[in-house]
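The next block holds one structure in the form of structure tokens; read it before the comments.
The values are calculated or read from the model by the stated rules, or taken from the named source; none is laboratory data. Note that the structure is a prediction, hence the values are computed from the model and not measured. Heads up, the Cβs are rebuilt from the backbone with ideal geometry, glycines too, and the neighbour counts pull from every protein chain shown. Calculation scope for accessible area: heavy atoms of the full protein, side chains included, ligands and nucleic acids excluded. Shrake-Rupley method; radii C 1.70, N 1.55, O 1.52, S 1.80 Å.
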Amino acid sequence: MSHAHDPDNGGSPGGFPHGMPSGRVLSILQDAGNPDRLVAEAYRFLGLNPEDLDAHYYLVMGLCDLRQLKEAERHVHHLLRLDPESVDTHVAAIRFYLVKQQWKPALRFIGAGLQLVPHNPYFHFAAAIAESQQYRPAEARKHIERARELAPEDPDIVNLYIRLHAAMDNSGRESWRRLREFEAALALDPGNASLHNSIGDVYLDELENPSKAEEHYRMALRAEPGNREYQKDLFNAVARGSLVYCLFSLPSRVFESLRRGLGVLRDHPWIAIFLLAAFKILLAFVAWLVVATVLLWPGCKVYEWFVVSELRGGSSTSVPMLSLWLKIRRYPLWLRFGTFLLLSCLLWGLLFLLTGIPLDRGFGFVGIFVGVHFVVLLFLRLLRKFEAWQSGRSSRGDSSG
């Protein structure tokens, strides 16, 4: 596929010169980061020529950005029928399967693409993504290292390279060094959303600085306002500023970690041997998780709606729910926080009444359970902040020396 077609396939409205090839027009729109207009223009070109390869290719790209995957799949099949040996066809198929999170078919097209063009950095970049999602870090690092050799200044490749190598060392000093690497990559592309998001992750997950993380997540969302992962990250940064939320969201965060762990277990079932060896510890963990979920999870949902100043669902939230959330925001924070405490106590009281537990004993247990967890979380937060401050001083000393 050449990304250049006969100039007589129709003019392009909206400021493009009459007769500009479809590939050129659509490439400009993709670079501008406007998937809605990209898709509309690609359909217009397709109406002029149903076998316009560039139109099919950019429709896959735009529809994947818009998460309209069923329609995108139709154009992937068109490309595979019209031009099965093209590099761009393989790129479109890989993009589709990566967005759909179907790693095995993605790797199949990546392998075929590497046979066509062994030195194409995108294929190595995509391979690194798919291999890392299949929990094969050595293979992922091998591919991203090759991609960086081929395209050393590509910010997305640099971003993934730093992320994949971060798993090898999560010390405070390494976090600051990684932060400087991300910032150096950002200098190549100051508006790069994935780099801002990665910097936010370092601040939030490694340096215990939710406010700085929030700044970078907002910059990422400015570049890609419809990205739901970035919206969730922003919500987490805003919410994590509150130790109360960190306490009540413990079960949710543990379940998220378990979900990722089950993915690892699915691909590496031999790990189950270690779980069986620690069966009693596993039972104690399950018992703790049940109690924490019953006591804290409902309050967490109340806190998210009444206190946190961002919506977890972001742009995916329905209009009626968004309208309700905005109505709740009209009330002062002290009133909303008080409502959260009152509703939490009412939920606990209802639970004790239904289970026949005397209220004084029930609330006494809740007070001890919540108090112990709050103190532990406070200690861990202060410890991480101190470690981040100490490693920051050490890192600045190393860089100045």
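Tabulated values for the structure
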item	result
Some residue of segment 344-351 being over 29 Å from the mean Cα position of the chain (by Cα) and of a type in the set (Phe, Trp, Tyr)	yes
Test for Ala112: is it touching an Asp or Glu at 6+ places or on another chain (Cβ under 8 Å), part of a helix (DSSP H, G or I) and without any contact (Cβ under 8 Å) to a residue 60 or more places away in the chain	no
Conditions (1) touching a helix residue (DSSP H, G or I) at 6+ places or on another chain (Cβ under 7 Å); (2) surrounded by 13 or more Cβ atoms within 10 Å (Cβ to Cβ); (3) at pLDDT below 90; (4) in a helix (DSSP H, G or I): number failed by Lys385	(1)
Restricting segment 51-70 to residues that are of a type outside the set (A, V, I, L, M), over 14 Å from Ser22 (Cα atoms) and assigned to a helix (DSSP H, G or I), the residue that is most open to solvent (accessible area, probe 1.4 Å)	Lys70
Checking Asp360 against (1) exposed (fewer than 13 other Cβ atoms within 10 Å of the Cβ); (2) acidic (Asp, Glu); (3) in contact with a helix residue (DSSP H, G or I) (Cβ under 6 Å, 6 or more places away or on another chain), the condition it does not meet	(3)
Selected residue (only one of Thr293, Thr355, Thr317 is of a type outside the set (A, V, I, L, M, F, W, C), within 25 Å of the chain's Cα centre (by Cα), open to solvent by 30 Å² or more (accessible area, probe 1.4 Å) and over 24 Å from Gly226 (Cα atoms))	Thr293
Test for Gln30: is it over 30 Å from Glu139 (Cα atoms), surrounded by fewer than 22 Cβ atoms within 10 Å (Cβ to Cβ), under 24 Å from the mean Cα position of the chain (by Cα) and at pLDDT 90 or above	no
Single residue of Ala92, Ala128, Ala140 found to be under 22 Å from the mean Cα position of the chain (by Cα), open to solvent by less than 50 Å² (accessible area, probe 1.4 Å), among the small types (Gly, Ala, Ser) and farther than 20 Å from Asn159 by Cα	Ala92
Selection count, segment 33-50, where residues are open to solvent by 50 Å² or more (accessible area, probe 1.4 Å) and in a helix (DSSP H, G or I)	7
Unmet requirement for Arg146, which otherwise passes all of (1) in contact with a Phe, Trp or Tyr (Cβ under 7 Å, 6 or more places away or on another chain); (2) over 29 Å from Pro225 (Cα atoms)	(1)
Conditions (1) assigned to a helix (DSSP H, G or I); (2) at pLDDT 85 or above; (3) open to solvent by 60 Å² or more (accessible area, probe 1.4 Å); number of the one not met by Thr339	(3)
Selection status of Ala112, under 19 Å from Ala127 (Cβ atoms) and more than 22 Å from the chain's Cα centre (by Cα)	yes
Residues of segment 101-115 satisfying the condition of being surrounded by fewer than 16 Cβ atoms within 10 Å (Cβ to Cβ) and either within 17 Å of Asp65 (Cβ to Cβ) or in contact with a helix residue (DSSP H, G or I) (Cβ under 6 Å, 6 or more places away or on another chain) (or both)	Gln101, Pro105
Residues of segment 301-344 classified as touching a helix residue (DSSP H, G or I) at 6+ places or on another chain (Cβ under 8 Å) and within 18 Å of Ile368 (Cα to Cα), total	1
Residues being of a type in the set (Asp, Glu), part of a helix (DSSP H, G or I) and at pLDDT below 90 - total across segment 214-232	1
Any hit, segment 94-109, residues being at pLDDT below 95, aliphatic (A, V, I, L, M) and in contact with an Asp or Glu (Cβ under 7 Å, 6 or more places away or on another chain)	no
Members of segment 37-74 found to be of a type in the set (D, E, K, R) and closer than 16 Å to Tyr97 by Cβ, listed by number	Asp65, Arg67, Lys70, Glu71, Glu73, Arg74
Candidates Val375, Val366, Val370, filtered to the one that is without any contact (Cβ under 8 Å) to a residue 60 or more places away in the chain and closer than 17 Å to Phe248 by Cα	Val375
Filter result for His77 (free of Cβ contacts under 8 Å to residues at least 24 places away in the same chain and either of a type outside the set (A, V, I, L, M, F, W, C) or over 27 Å from Ala220 (Cα atoms) (or both))	yes
